[in-house]
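In what follows, a single structure is set out as C-alpha cells and then discussed.
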Amino acid sequence: MDGPIRSVAIVGGGTAGWMSAAALAHALPRGCVVTLIESDEIGTVGVGEATIPPIRLFNDTLGIDEAEFLRETKGSFKLGIEFVGWGGVDDRYFHPFGTHGKPFDLAPVHQHWLAARSQGCTIPLDELSMAWGAARRHRFARPLADPRSVGSTFDYAYHFDAGLYAAFLRRYAEARGVVRLEGRVAGVGLDGETGHVSAVTLADGRRVGADFFVDCSGFRGLLIEGALHAGYEDWTQWLPCDRAVAVPCARAGPLIPYTRSTARAAGWQWRIPLQHRTGNGYVYASAHLSDDEAATTLLAELDGAALAEPRLLRFTTGRRRRFWQGNVVAIGLASGFMEPLESTSIHLVQAGIAKLLALFPTRACAPSLVEEYNRIAIGETERIRDFLILHYHLNQRPEPLWRACAAMAVPDTLRLKIEEFRRTGRHLARDMDLFGLASWVAVHVGQGNLPVGGDPLVGYQADPAASRLFVERLAQAIARAGQGMPGHEAQLAALMN
C-alpha cells in the first residue's frame, strides 16, 4: 500500500540519531510522528568532536543560534587541520578551510606559487592561506563579506563535545514533537510481502511500528545489516588502521582554532581543543601495535592530566553496500566508518540526512529513489576514501606501516589524481568530491608530491617574476589581516556573553 509516510522510527540515539530527529522534526512539522528509540544501557562512540564547514549549514537550516550552540556544547572555532609528521617525521603543513589566497588571473594561486619557487621564492604555501594566517596566531574572526579582501577567502567549522551536541539536539527535537522511547531493540519484524521492516520489538516486549525507519544503531547496524543484510565493503587494504583509543585531558595552553593530527609509528593522534577540555585519541593498526602500547603512547603525549580512563574502539573502515534498502536508511556508523582523519564523521551524518530529505519517499519507497540515494552515497564516500588514502600513501616515514602504505596500489580514481598533480600541479576534480582544490593541494604539497612542471596556462598569463611578486604581496596581505584579528579565545567569549 502506498501513500504518505505518517510515522518514522529512528533506532539509536547519539549524534547521528538526534541529528536525524532534529532534522526530521524541522522538515516534517505536521502529519508525521517521529519516534527515537535508544537505551541508556548502550553507550555511544561519541569521540567525533571536530567538524568541517558544512555543519554550519545544518545548524543554520534548523535555526540554531551560533552563540547558544557554542555555549551549550563547550565549542570552539576551527579553521583547519595541522598535520605533523605526515610527510617526513619532522614535517608540518596546514589543511585550510577556504582557499589559498585569491587568484589574480585564471590560474590557481598554487600555480603561481610553483612559478615563484622557480625564481627562488621560499615562502611556504601555508602562508598563502588566510585560514592559517589567523590560526597560527591563535586568532579568529568571521570571514568578511567583501570578495576583494583576503579576509573573505577562508571558512570555518567547530570543535564541540559530541555528547553535549546530541543532548542539545534532543532538547530541540523533543520541543518539536519527537517522542523518545527508552529501551533496547531485541527483535525486528519484516513484512512478508514487501520485505520491509514493519516493526521493532523492545526487550520489555513493546512493539514499535512505523512506515519508515532510520538506522542509527552504530557499528551493529541492527536494521540495515542485522535484518536486511545489506552487506559491507571493507577498505582496510587501503586504510589499515582498525582501532582507536580515546581520552580527554585537562586544557593546557591557548585555545587554538584548529585540530592537530600527529603521525605516530603505527597510526596517528588527534588533538581537539574545547572550552572545558581537550579531546585526544590514537588511531592505529592493531597489526603493528597492541592496545596497551597504544594507550601508553597516547597518555604519554597528552598536554594535560587525563580526565578519564582510555576508551578502546574497534572498527573496520568501509561502507555498507547499500545505504538504503527497502524502508530503512542507515545514517552514521550504521552506514559505514571513515576514520576521523579529516573530520568527516559528523558530515556524513549530515549528508545522509540531506539526501533523505531531498529524496523523501512515500510508503512504497520507490526503487528509483532508493537507487539514486545509494548511487550518490557511494560516490560521496568513495571520494572521501580516496582523499584519506592520499594522506597514507604520500609519506616518507620509516616505520613498517608507513612503508607499506607508500608502496600500496591505490584506487585508479586516486592514482590519476596523484600522477596529474605530480606532472602539472593540476587537480582532477571528480563528481561528488567533498574536498576541493585547496584541500587536495595542501596534502600533495605538504607531503612532498611536488609537481615537476606547472599548468601550461600560467606561462601565457604571467612570467615567473610577476608570479613571485604576486605571491610575496599576497603573503604580506594575509599576515597583516591575521595579525589584525582578535584572539580566538577572546572572540569566543565575546560572542557567548
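The values are calculated or read from the model by the stated rules, or taken from the named source; none is laboratory data. Nothing here was measured: the structure is a model prediction, and the numbers come from that model. Note that we place each Cβ from the backbone using ideal geometry, even for glycine, and neighbour counts take in every protein chain shown. These accessible areas exclude ligands, DNA and RNA; they are computed on the full protein's heavy atoms, side chains included. Shrake-Rupley method; radii C 1.70, N 1.55, O 1.52, S 1.80 Å.
Brief remarks follow.
- Count of segment 165-182 residues which are part of a helix (DSSP H, G or I) and farther than 24 Å from His347 by Cβ: 2
- In segment 19-34, the residues that are touching a residue at least 12 places away in the same chain (Cβ under 8 Å) and more than 16 Å from Ala354 (Cβ to Cβ): Pro29, Gly31, Cys32, Val33, Val34
- Residues of segment 367-388 that are touching a Leu at 6+ places or on another chain (Cβ under 6 Å) and β-branched (Val, Ile, Thr): Ile384 alone.
- Looking only at segment 205-261, and only at residues there that are in a strand (DSSP E or B) and within 21 Å of Asn374 (Cα to Cα), the one that is farthest from the chain's Cα centre (by Cα): Phe212
- Candidate set: segment 439-497, residues that are modelled with pLDDT under 95, outside any helix (DSSP H, G or I) and not aliphatic (A, V, I, L, M); chosen: the one surrounded by the fewest Cβ atoms within 10 Å (Cβ to Cβ): Asn497
- The listed residue being loosely packed, with under 14 Cβ neighbours inside 10 Å, modelled with pLDDT of 95 or more and of a type outside the set (Val, Ile, Thr), out of Ala429, Ala358: Ala358
- Condition check for Ser335: touching a residue at least 24 places away in the same chain (Cβ under 8 Å) and crowded, with 22+ Cβ neighbours inside 10 Å: yes
- When each of Trp113, Trp132 is tested for being assigned to a helix (DSSP H, G or I), open to solvent by 20 Å² or more (accessible area, probe 1.4 Å) and of a type outside the set (D, E, K, R), the lone residue that passes is Trp132.
- Lone qualifier among Thr194, Thr201, Thr259, Thr236 - being free of Cβ contacts under 8 Å to residues at least 24 places away in the same chain and not hydrophobic (A, V, I, L, M, F, W, C): Thr201
- Hits in segment 289-317 (condition: under 26 Å from Tyr232 (Cα atoms) and crowded, with 18+ Cβ neighbours inside 10 Å): Leu289, Phe315, Thr317
- Of all the residues in segment 197-215, those that are touching a Leu at 6+ places or on another chain (Cβ under 8 Å) and buried (at least 21 other Cβ atoms within 10 Å of the Cβ) number 5.
- Members of segment 145-195 found to be hydroxyl-bearing (Ser, Thr, Tyr), over 23 Å from Glu38 (Cα atoms) and either open to solvent by less than 50 Å² (accessible area, probe 1.4 Å) or touching a Cys at 6+ places or on another chain (Cβ under 7 Å) (or both), listed by number: Ser149, Ser152, Thr153, Tyr156, Tyr158
- Residue, surrounded by the fewest Cβ atoms within 10 Å (Cβ to Cβ), within segment 67-89, restricted to residues that are out of contact with any strand residue (DSSP E or B) (no Cβ under 9 Å at 6 or more places or on another chain) and among the acidic types (Asp, Glu): Glu68
- Test: residue in segment 386-399 that is at pLDDT 95 or above, within 20 Å of the chain's Cα centre (by Cα), open to solvent by less than 20 Å² (accessible area, probe 1.4 Å) and more than 20 Å from Arg260 (Cα to Cα): yes
- Subset of segment 92-110 [among the aliphatic types (A, V, I, L, M) and open to solvent by less than 10 Å² (accessible area, probe 1.4 Å)]: Ala107, Val109
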